[in-house]
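Below: the structure, in C-alpha cells.
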Amino acid sequence: MGFSVDDPMDVLQRGLGLSFTPGGTLSGWGTADGVAHIGTTGIVYLEVEQGQQHPDTNVLKYWPWIEERPDVRVTLIQVFGPWSSKRRGNRSELAKWVGARMEASLPGRFRYCRLDLGFAEFDDQRSMTMNALTAMGHDLQEH
C-alpha cells in the first residue's frame, strides 16, 4: 500500500490531537509538510520522510529559522514509515543527532521528536512526543 503525506498527517492529527495544516514556509530556509500553531508562540512542524535522501537537512533547516525568531517555541515531529527510504542508517542517525544538538543549543525553544509509523516503537515514541509537547508548554487543550 502506498502512502501520501496526508495519510501520516491524518494519523498524527488523531493520535496527537493536533490540527495540522499542510505546508508551511520557513522564510527562505525551506518548507514543512505540515504545521500546527498553538497559542501565540508555539508551533509544531511536521516533516514526513518519503523519498528524502538526507533527512538530516529536514531537521537542520529549522535551526537558522528559529534563531531568527527568539520568541517562538518549536516542536519538530519527523515521521518515518514503511515508505521512507532512509529510515535506518547514518543519515537517519544524523537527523537524531542534529535534533539533539539543536535542543541543547536552543533550550526551551526547540524539541525534536521522531515517530516511526507502522513500527513497534511508535507507541513509545507517541508518548514521548506528547511529553515533549507538554514540556514545551504547548497546551493541547487550546486546539
Item to complete: Would you mind calculating the gained length between Ala120 and Ala100 on full extension (0.36 nm times residue separation, minus the Cα-Cα distance), in nm to one decimal?
Response: 5.0 nm
Item to complete: Report the residue, chosen from Asp116, Asp71, Asp33, that carries the largest GNM mean-square fluctuation when the chain is represented by alpha-carbon nodes joined by springs under 10 Å.
Response: Asp71
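Compute the relative contact order of the stretch 6-142 as a whole-number percentage, counting only Cα pairs closer than 8 Å that sit 6 or more residues apart in sequence. Each step should come with its number before you reach the end.
Values: 228 pairs, mean separation 31.0, N = 137.
Relative contact order, the stretch 6-142: 23 percent.
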Worksheet entry | Ranked Ile77, Ile43, criterion: other C-beta atoms within 10 Å, fewest first | Ile43, Ile77
Worksheet entry | Exposed-loop-free span, longest in the chain, where GluC sites (Glu not before Pro) count as exposed if DSSP calls them loop and at most 15 other C-beta atoms lie within 10 Å | 1-67
Worksheet entry | Gain upon complete extension [Asp71, Asp7; 0.36 nm per residue less C-alpha separation] | 19.9 nm
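Are there any trypsin sites (Lys or Arg not before Pro) in the stretch 34-143 that are in a DSSP loop and have at most 11 other Cβ atoms within 10 Å? List them by number.
Arg88
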Worksheet item: How far, in nm, would the chain grow between Met128 and Thr31 when pulled straight, counting 0.36 nm per residue and subtracting the alpha carbon separation?
Response: 32.5 nm
Item to complete: Averaging over all projection directions, find the projected area of the Cα convex hull of the stretch 6-142 and quote it in nm² with one decimal place.
Response: 7.5 nm²
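Laboratory data are not the source of any read-out in this text; all were calculated from the coordinates shown. Note that the structure is a prediction, hence the values are computed from the model and not measured. Positions of Cβ are backbone-derived with ideal geometry, glycine not excepted, and every protein chain shown enters the neighbour counts.
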